[in-house]
Amino acid sequence: MAMLFRICRDGQEARWIVLVEDQFYGEYLGRDQAILDAIEAVKDARAAGGEAEVWDEAKTLRLY
């Protein structure tokens, strides 16, 4: 089963968060930075032999 990185807004706050398997991974001021960091983490997980994906929860879209 793939490790799931989810990018989502943090409630009404003007910030974005990344969750990994429903656990907090990071907080970002912009969506683009959250996406870039999640993709980098997925690349690392895949390089270590794991399966991982990045999903944008706001758009229900797989990004990587």
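Nothing in this text is a laboratory measurement; each read-out follows from the coordinates by a stated rule. None of these values were measured; they are calculated from a predicted model. So basically every Cβ, Gly included, is an ideal-geometry build from the backbone, and we count neighbours across all protein chains shown.
Are any residues in the range 31-64 surrounded by fewer than 11 Cβ atoms within 10 Å (Cβ to Cβ), of a type in the set (Lys, Arg) and farther than 16 Å from Trp16 by Cα, and if so, which ones?
Passing the criteria: only Arg62.
Of all residues in the range 1-35, which are within 11 Å of the chain's Cα centre (by Cα), more than 14 Å from Asp56 (Cα to Cα) and of a type in the set (Gly, Ala, Ser)?
Gly26
Take residues that are without any contact (Cβ under 8 Å) to a residue 40 or more places away in the chain and tell me which of the strands (runs of 3 or more DSSP E) falling wholly in the range 1-61 contain 2 or more.
Filter on the range 1-61 gives 16-20, 23-28.
Quick check on the range 2-11. Is at least one of its residues surrounded by 13 or more Cβ atoms within 10 Å (Cβ to Cβ) and small (Gly, Ala, Ser)?
Looking through the range 2-11, none of the residues is surrounded by 13 or more Cβ atoms within 10 Å (Cβ to Cβ) and small (Gly, Ala, Ser).
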